[in-house]
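Undergrad: Structure in structure tokens, see below.
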Amino acid sequence: GIVRVGRTAEWPTWTPPPEMVARDPNAAKWAGGMRGGPDNPLGARALYLYEGDNDTIYRIHGTVEPWTIGLDVSSGCIRMNNDDIIDLHSRVGVGAKVIVLMQGAALYKGV
């Protein structure tokens, strides 16, 4: 779909969504949030994706586990290498349009 960057964060706090806590008992200990830092699953930066004024709970973020990029291991977030998300974060502002395509989807016309 088409969303926008609603906010950004450097070394963001990670709070697992209830769905993740339900399927991963290890995530339960972080239900109140994990401070940003080198062990945080959101990595060095995060772009928070919004639809209108509503947080979608999806993010484009870094990762401390680069081998998981492209795998179905999160709650639908888009993971990037920390170096890449740091660069993207420096160039993308709040309000930027984000077009998320499903694997194998055709490109939207006019984008």
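The values are calculated or read from the model by the stated rules, or taken from the named source; none is laboratory data. Everything numeric here is computed off the predicted structure, so don't read it as measured data. Note that we place each Cβ from the backbone using ideal geometry, even for glycine, and neighbour counts take in every protein chain shown.
Undergrad: Can you go through GLY43, GLY70, GLY37, GLY76 and tell me which one is under 20 Å from ASN26 (Cα atoms), small (Gly, Ala, Ser) and modelled with pLDDT under 90?
TA: Numbers: GLY43 fails: modelled with pLDDT under 90; GLY70 fails: under 20 Å from ASN26 (Cα atoms); GLY37 fails: modelled with pLDDT under 90.
Just a single option satisfies the conditions, and that option is GLY76.
Undergrad: Out of region 47-76, which residues are part of a loop (DSSP other than H, G, I, E, B) and surrounded by 17 or more Cβ atoms within 10 Å (Cβ to Cβ)? Explain how you work it out, then say what you get.
TA: Just the residues of region 47-76 that are part of a loop (DSSP other than H, G, I, E, B), to begin with: 52-53, 62-65, 69-76.
Passing the criteria: GLY62, THR63, SER74.
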